[in-house]
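What follows is one structure encoded as structure tokens, with my remarks underneath.
Derivation of every value follows stated rules applied to the coordinates shown; laboratory data play no part. These numbers come from a predicted model, not from an experiment. In this analysis, Cβ positions are derived from the backbone assuming ideal geometry, glycine residues included, and neighbour counts consider all displayed protein chains.
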Amino acid sequence: MDIDMDELYRLALKAAAAAYAPYSRFRVGAALLAADGTVFTGCNVENRSLGLTICAERSAVVQGVGAGKRSFTALAIAAPDSVEPVGPCGACRQVLTEFMEGGSPVRFGGSGPEKVDTTLGILYPYDSLHELAAIT
């Protein structure tokens, strides 16, 4: 299945509509492309104990891993309640590097026209997991 970043972003935006965000009222959706072309989506799910909240990106990873996938090649993140683009948090960046290469494309945006196109390696430049693997 061929999918481009525009379509992946549209799927992320659709996933944001399912978010459970009664506390922040800040919905986020993610669409994660597996190496075999399958797309997994996720949304943020808040909890009144803020630390138990799960981000959209990790939600998508959990969906993919639960389906037996271990390699992902692209990610889109949509935050429709922000005019400005909102990138993944540090915890999500760490989890994403477990399953994606540094050159994997990442697009994120808000409700405004600006979208950021980058790579996971730029978002998380010193990935010790991959750096240590290269040494051994």
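Couple of notes before you dig in:
- Strands (runs of 3 or more DSSP E) (entirely within segment 33-136) containing at least 3 residues that are not β-branched (V, I, T): 39-43, 72-78, 105-109
- Qualifying residue in segment 89-106 (condition: of a type in the set (A, V, I, L, M), touching a residue at least 40 places away in the same chain (Cβ under 8 Å), surrounded by 23 or more Cβ atoms within 10 Å (Cβ to Cβ) and in contact with a Phe, Trp or Tyr (Cβ under 9 Å, 6 or more places away or on another chain)): no
- Any chance R27 is in a loop (DSSP other than H, G, I, E, B), under 21 Å from F108 (Cβ atoms), touching a residue at least 12 places away in the same chain (Cβ under 8 Å) and touching a helix residue (DSSP H, G or I) at 6+ places or on another chain (Cβ under 7 Å): yes
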